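Before any comments, here is the structure.
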Amino acid sequence: MNTAQTPKPQIPDVSSQIGFAMRSMGVAPIPRNYELFYEAYIGSNPALTRDLAALGSRATQDEIDALRDHYFGNGQDRIESVHGKLLSELEALLRLMKQEQTSLESYNRLLGETYTRISSKSTTSADLLRNAISILTDATGNTMAHGEQTVEKMSQRSQEMDAVRRELDEYKRIANTDSLTRISNRRAFDEKLASIYAKGDKPLASLILADIDHFKKINDVYGHPVGDKILATVATIIRANVRKDCFVARTGGEEFAVIVEGYTADEVFQIGEKIRVALEHTPFKNSKTGVNYGPITISLGYSMSSEAEDAGELYAKADTALYCAKNNGRNCIFAFEDGMKKDFSKSWLIYRR
């Protein structure tokens, strides 16, 4: 009996390929350079990819930094700056609270000493009581005034910290958003995909990968500006045809991903099919020139999290299902099944026009 198993699909080691590209161009392997090459490698910004390639094999660090500033605008530096400001505000607030605690401890000692002295007198004179009351009144008034000032300062600090947090959240949102389509980018997708298995148990989740059919031909015939507009429109259609709790990202070039949680395999198919049909029936026509760029169709493949041991395997299986859809006529959706890799003699088709 043949016990050979079909090899598991492998996904490229992105880090290794980026590192090789950086070494080939003589670029220092520092974080800000890696970020630039990462964005260029996944194709999320075609103009960046072209400009980086145009630098040649001996790009200077100044040229690399100028390109990074042009496309990213020092976004990561701003995030680090805001994060540092937030830490500074927290430290200031802690110092203020420590000062307040010291003041209250002094006030409590004063009350304790006064009480001890009064209690130790067998006969308390009126003058002693008046003096004690006067001291306590002054101390209480000063403490209350100081407390009010402290509350006001803490409120101001809290407002400042909230503003810093909002600013930091905005920078993080920008860093995780694809600039062309305004949906999540590959960086955010990688984090979300890894989180599926973060808790150890296998949740009910699924990954759908979608790829625009014949997109290279669209770019070749009509140019990249038209291609960019089509990418943005496709992203809008995908986002509009899934529920708000579904995660949608552009993972590179003309490929998109949808991560859904809490849905059965049949429900996932319905989600993918809804996207496919919506795109197939969307006109892509220039209202000014009358040029018709359509029809624009999409191929999809998906896999359930229960079929994979980790995020890498889940991506590989969804990608294999997408590959099958591409090789069976496009404009269709496939679910991953064991043994389907490069075996097109058996029909794995779920739906095909």
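The values are calculated or read from the model by the stated rules, or taken from the named source; none is laboratory data. Being a predicted model, the structure only gives us computed values, none of them experimental. Glycine gets a Cβ as well: all are built from the backbone with ideal geometry, and neighbour counts include every protein chain shown.
Observations
- When the stretch 284-297 is limited to residues that are touching a Phe, Trp or Tyr at 6+ places or on another chain (Cβ under 9 Å) and assigned to a loop (DSSP other than H, G, I, E, B), the one that is farthest from V234 (Cα to Cα) turns out to be V291.
- The set of residues from the stretch 21-73 being closer than 23 Å to A175 by Cβ and not in a helix (DSSP H, G or I) comprises V27, A28, P29, I30, G43, S44, N45, G73.
- A search for C-beta distances below 7 Å between a residue of the stretch 56-73 that is of a type in the set (G, A, S) and any residue that is in a helix (DSSP H, G or I), counting only pairs 6+ apart in sequence or on different chains, returns S57/S24.
- Residues of the stretch 171-223 classified as of a type in the set (S, T, Y), at pLDDT below 90 and either touching a His at 6+ places or on another chain (Cβ under 7 Å) or buried (at least 17 other Cβ atoms within 10 Å of the Cβ) (or both), total: 3
- One residue from A47, A92, A40, A28 being modelled with pLDDT of 80 or more and either surrounded by fewer than 16 Cβ atoms within 10 Å (Cβ to Cβ) or outside the structural domain of D211 (by TED's automatic domain parsing) (or both): A47
- Residue in the stretch 301-315 that is assigned by TED's automatic domain parsing to the domain that holds D266, polar (S, T, N, Q), surrounded by 17 or more Cβ atoms within 10 Å (Cβ to Cβ) and under 22 Å from R250 (Cβ atoms) present: yes
- Scanning the stretch 298-353 for residues that are at pLDDT 90 or above and of a type in the set (K, R) turns up K317, K326, R330.
- The set of residues from the stretch 254-283 being more than 17 Å from A318 (Cβ to Cβ), of a type in the set (G, A, S) and not in a helix (DSSP H, G or I) comprises just one member, G262.
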